[in-house]
Structure formats: structure tokens, C-alpha cells
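Worksheet: the structure to be examined is printed underneath.
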Amino acid sequence: MNQKVIKWGITFSLLLITLLSVCLIALSMGTMYIPIDQLISILLNQMNCTEYTILMDIRLPRILVGIAVGGALSLAGVILQAVFRNPLVEPYTLGISGGAALGVSISIVFALNQSYAMSLPFFGMIGAGCVILVIYSLNAFGVVHNMQRLLLIGVMISFISNSLFMLIISLSKSEQMHSIMFWTMGSLEEPNLALVYSLLIVSLLGCLITSIYSVDLNILSLGEEDAFHLGLHVERIRNVLLITASILTGFCVSISGIIGFVGLVVPHFVRLFFGSDHRTVITASYITGGIFLIICDLLARTIISPMELPVGIVTGLVGGLIFIYALVNK
Amino acid sequence: MNKNKQKQAVLSVNQLSCCQSSQFQLKNISLDISESCCLGVIGPNGSGKTTLLKAVTGFIPTKRGQILYCNLPLETYNKQALSKEIAIVLQSTELDQSITVEDYILLGRNPYRKRWQFWESEQDIQVAETAMKITQIESLRFRQINALSGGEKQLVRIARALAQEPRLFLLDEPTNHLDISHQLQILSLLNRLKREKKMSIMIVLHDLNLASEFCDELILMQNGKIVRKGCPKEVLTRQNIESVYDTQVVEGENPVSKKPYVFLVSEDK
């Protein structure tokens, strides 16, 4: 068998084992400590005790959201970095999350989220999709030919959508303002289980779609012209991937708020250790993204327990420091 | 020229015009390349040489005229089929990724990849190995491409294109920024490919003397048009060069190969 397949298998299994271990630790730690060896017996046999409720209703959904959001944001980062051939791109630098935030805040202001649970992710995806559409139509109608200029326009759109977001906050009533601000801080807490599961499904589907295009991403990262000459349908593949990235970002931002840095740090970190082959980078980034966010969330809720820090602060601090350390040492 | 025309043309371009940003880049270009023939494209900067190469691969859409590959219009080929036939080595390809030489060359096998194939087949690996052998870069196999020297990078680009197993090989100034020994290495390699693999080659060159030495036919371009075409002796005349490049030159002859040789004359003297 191809040596690369074996290497991929080993990497995948090791990361999966790490993810499972991190999940177990995250399940056991918190304001109330539950020893790991008791976890399984509680989950299987003691369905009426407090520990069971804490595990099933609070910690497990948070972990699932962590895997889904961490994985999805990392994937969006991988896609954008390959398509734009720029290592500094992530959903935030391109204004995609800004657009999603705008969509979500509109949905909160019109109180749509109180009547329909799915309205937050729906508006989030619409917002993210609009930004991608604007960036992309500028490209398609020949206003901008060059990918780097397209990137610059993305950055400008990010500023514009942030300003509009601030405008909405400043014009909204105080209780809405509170609700928007609370959401903006970023948290993996999501009381609606249906939303948690739909987020997980969307995120895993995103991983599947991106994996199908893994070889194409390898070729796309050579540049548009080279990809064309290697027989790739550049336009079509780029559209599918950018739409996937915006759906993933939109859904994540609408549920967990603004959690920066994951889409930037995780793909870089993965490339540093596993190389740039997207066949490995995609699955490895997805799992590492999940691991990273679960650890950050664990820190956020245990450092000043029983109080809780917004997880975005931890991702920024931990991610940035680990990343600088890895860069200096490698 | 006449002798080559008797062979079947691999590529024929008829009355081709292309425009980009509402400006004509190529005007009424007609040319033929036959099997195992090396066609050199020369001309000053901005004369449309690179645009011509990109039009031939279909990357730049044609405004008027027709491109026939093996007597069939270019549009009748699907993208994958065309990239099995035509490979191009671009000047603009940056090798700044951190992947190994082997992995990079294997990307050249993309046209042969089936829809749900994610990993290279044994045959792909064999073809990549052959490409490395031909270009003499086997020792670089596991090196990272972003750590290679300019000459090594150029050989790696060529090897990736060879992995496509093309019949028509297009190269855009492959000898730029290379020392004379690497220039010679690359052009001798192309000569070998032409002879042994019966490849047709279309190559853009700035060095007129290299073009004279290695190309069977030349086209001299100016402002998107072909000013002269024919064998090096017919194209590289003092009159042609001086009118197109607006520079004084003296004609001569390579004492070994008896091919025409162009000497620059500095205006200070």
C-alpha cells in the first residue's frame, strides 16, 4: 500500500485518540469534579443523579459545539488560505465573520431568534454568504482580477461590516444590546440541543466536502494559472469551496459568537507538524481545531471558576503564544 | 519550413486574435508546429510572446481565429484531456510551498486522476520517477521545493510538466536568471525530449543566440504580430533585429554549429 496512506492513517488515529482523551478530561473537569473512571458508569447507570444532568446537559453539548466550531473554523481557514494563496487569511480577515455577525445582530434586533430557533444560523449564513457574494462578484465581473486585491477588498468589507454591526448595537434597545454583546463575546454554551446537533452535522458535512476536494486544494494552492493548466475546473471548484467556507463560518459565528484566531492558528500549526499536503491538512486541522477549542473552553471555564471567561480571549492568548513558540523552535 | 510542413502539424494557429482589457494583445497570428519540432518565439518585451503561449493552452480566450490541436479545434477537448496533451512551464510559477520535490512533480499527474482517486497510483509514481531521471534531479527527490536554488527550481518545474506526458511542450523563458551551464543543461534536455520522445516544443526565449542554436524554426514578434517566421538564418538577420529591437547589431556565425550569431553593438563605441 502507498506509504502516504499509512502515514495518513497513523496521523488520523493519533489525533482521534488525543481528541477522545481531551473530551474525557473536559467532561470530568469543571466547577464540580467528576473522576474520569466514574464517567462511564454515571453515563450508563445513574441517569437520575446530578452528575448525569451536568454531563449530558451542560458539558457534553459544550464539547460537541467545541468540536464542531473548532473544526469548522479551522477548515474555513484551510480553504481560504489555499484559495487566496495567502497564509494570513482566515474567516475574520476576509469579513466573512463580520458579515455573519451583522446577519445575527439583525436577527436579534428584530427578535426573530425568539420565535424561530434556526433564525440565528440562517441569518448568520446569509450574512456570510452576502460578503462572499460581494467579494466574488467583484471578481467575476472583472472589477478586480488579482487575488491579492480581492483579499484587500475582503479586509475593507470586514471593516465596513464591523462598523455596521456597531451601528446596529448603538441603535438597538438596551436589552437587545445586552443580548448582542453577550453573544459577541463568544461562548460554546448552547442550550438548544437541536441547534447543537445540526451544527455538528453541518460541520462534519463541511469536512467531508472539503476532503473530497483535498487534491484539488493541493493544485489550487499552486496558483490559478497552474491549476488551469493541470486540467482543474478552477472557477467551479473555487465556488464550491468558498460557499462551503461561508456556510461553515456563518453557522459557527451564529451559534458560538466571535471566536477569533482558530482559523488562523490551527491550519498553520498543523502544517508545521504534518506538512502542507491537504489530504492530511484537512482532517488533521478539523480534529486539531476541535481539540484546541475544547482545551481553550476548559481553561475559560475553570481558571476563575465559578466565573467564566469568554472563550475568544483564551483562544487568542493560548493560540498566539503556542504559535509563536512553535515558529521560533521549528 | 517546407520540409516540416509535410509532416502533420500538431498545432496550427490560424488568424488568431486575442484581446485582454479591450486591448488587442495578439493580431492575426498564424503558425504551425509539427511533430518533433522546436519553435522559438522571440521579440522585445511586451510583444505578446507569453500571451501567445497562454492563448495556445486556452487560458486566454480567443477573439477571432482558430487554434487546431491535432486537426481538431481546441474547444472540442475537455480540460483534462487537453492537459494530457499540452503542458506549459510558466515564468510566473512560484515554488514557495513547503512540499517535497516528489510531491510537487506528482501534482503533474492530475490530468490522469480519476474522480474518486485521492492517492497516486503506482504508475503515477513511476512516471514521476522517470521525469526526475530525465531532468537529473533524482537526488532532490525528498528536498523541500522552497529551499532549492533557481536552476534546480526550473528543472523541477520542467519535471512537473513532463509528468503530464505531453505531446506539445510550451516553455516561457525557461533560461531566465540561470547561469550558462544551467541554460545549456535545460536546452540540451529539450533537444533530447524532441528527438527521443518526439515532443513538439514551443519556447519563448530572450537570448537570440540560444534561440538560433536550439530552435528549428523561429517567429519574431512585435506589437502582437508575427513580423518574420522561418529558420534561424531567415529570421535572425541584421535588418530584422535592428528594426524590431531598435538596437544596433552585427551578424555573425557560430564557428562550431554554423548557426547565425548576433553581436550587440554598444552605442558608446
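The values are calculated or read from the model by the stated rules, or taken from the named source; none is laboratory data. Just so we're clear, the structure is a prediction, and the values are computed from it rather than from any experiment. Please note: Cβ atoms are built from the backbone with ideal geometry, for glycine as well, and neighbour counts cover all protein chains shown.
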Going by the structure shown, is A:Asn162 assigned to a helix (DSSP H, G or I) and within 14 Å of another protein chain (Cβ to nearest Cβ)? no
For the stretch B:66-94, give me the residue count where each residue is assigned to a loop (DSSP other than H, G, I, E, B) and facing chain A (nearest Cβ under 9 Å). 5
Does any residue in the stretch A:92-121 that is within 28 Å of A:Leu151 (Cβ to Cβ) come within less than 6 Å, Cβ to Cβ, of a residue that is outside any helix (DSSP H, G or I) six or more places away or on a different chain, and which pairs are these? A:Tyr92/A:Gly260; A:Ser97/A:Pro91
Just to check your reading of the model, which residue among A:Gly250, A:Gly316 is buried (at least 24 other Cβ atoms within 10 Å of the Cβ) and either over 15 Å from the mean Cα position of the chain (by Cα) or of a type in the set (Gly, Ala, Ser) (or both)? A:Gly250
Would you mention how many residues in the stretch A:309-330 are without any contact (Cβ under 8 Å) to a residue 40 or more places away in the chain and among the polar types (S, T, N, Q)? 1
Does B:Leu107 count as touching a strand residue (DSSP E or B) at 6+ places or on another chain (Cβ under 7 Å), at the interface with another protein chain (Cβ under 8 Å from one of its Cβ atoms) and either of a type in the set (Ser, Thr, Tyr) or surrounded by 15 or more Cβ atoms within 10 Å (Cβ to Cβ) (or both)? no
For B:Ala131, work out the one condition from (1) of a type in the set (A, V, I, L, M, F, W, C); (2) within 13 Å of chain A (Cβ to nearest Cβ); (3) under 23 Å from B:Glu35 (Cα atoms); (4) buried (at least 19 other Cβ atoms within 10 Å of the Cβ) it doesn't fulfil. (2)
Would you confirm whether or not the stretch B:63-73 contains a residue that is aromatic (Phe, Trp, Tyr) and crowded, with 19+ Cβ neighbours inside 10 Å? yes
Among A:Leu193, A:Leu199, A:Leu188, A:Leu151, which is the only one that is surrounded by fewer than 17 Cβ atoms within 10 Å (Cβ to Cβ) and away from every other protein chain (no Cβ under 12 Å)? A:Leu193
Given the criteria farther than 13 Å from B:Leu168 by Cβ, touching a residue at least 24 places away in the same chain (Cβ under 8 Å) and either more than 8 Å from chain A (Cβ to nearest Cβ) or buried (at least 22 other Cβ atoms within 10 Å of the Cβ) (or both), does B:Thr51 qualify? yes
What is the one condition in (1) within 10 Å of chain A (Cβ to nearest Cβ); (2) not in a helix (DSSP H, G or I) that B:Asp32 does not satisfy? (1)
Tell me which helices (runs of 4 or more DSSP H) are completely within the stretch A:5-95 and hold 1 or more residues being among the aromatic types (Phe, Trp, Tyr), or say none if there are none. A:50-53
Might you let me know whether the stretch A:291-299 holds any residue that is closer than 13 Å to A:Ile79 by Cα, surrounded by 21 or more Cβ atoms within 10 Å (Cβ to Cβ) and modelled with pLDDT of 85 or more? no
If a residue must be at the interface with chain A (Cβ under 8 Å from one of its Cβ atoms) and more than 21 Å from A:Ile6 (Cα to Cα), how many such residues does the stretch B:110-121 contain? 2
Give the stretch B:95-104 a look and list any residue that's more than 8 Å from chain A (Cβ to nearest Cβ), in a loop (DSSP other than H, G, I, E, B) and surrounded by 15 or more Cβ atoms within 10 Å (Cβ to Cβ), or say none. B:Leu95
Give me a count of the residues in the stretch B:75-114 that are modelled with pLDDT under 90, among the aliphatic types (A, V, I, L, M) and closer than 23 Å to B:Met199 by Cα. 0
Matching residues in the stretch B:149-166 (surrounded by fewer than 21 Cβ atoms within 10 Å (Cβ to Cβ) and in a loop (DSSP other than H, G, I, E, B)) number 2
With the condition kept exactly as written, say whether any residue in the stretch A:212-219 is within 14 Å of chain B (Cβ to nearest Cβ), part of a helix (DSSP H, G or I) and surrounded by fewer than 17 Cβ atoms within 10 Å (Cβ to Cβ). yes
Odd one out for A:Phe165 among (1) at pLDDT below 85; (2) surrounded by 16 or more Cβ atoms within 10 Å (Cβ to Cβ): (1)
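Yes/no per residue for (1) surrounded by fewer than 19 Cβ atoms within 10 Å (Cβ to Cβ); (2) in contact with a strand residue (DSSP E or B) (Cβ under 7 Å, 6 or more places away or on another chain); (3) touching a residue at least 60 places away in the same chain (Cβ under 8 Å):
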| position | (1), (2), (3) |
| --- | --- |
| A:Leu16 | yes, no, yes |
| A:Met29 | yes, no, yes |
| A:Ile34 | yes, no, no |
| A:Ser41 | yes, no, no |
| A:Met47 | yes, no, no |
| A:Thr50 | yes, no, no |
| A:Leu60 | yes, no, no |
| A:Gly66 | no, no, yes |
| A:Val69 | no, no, yes |
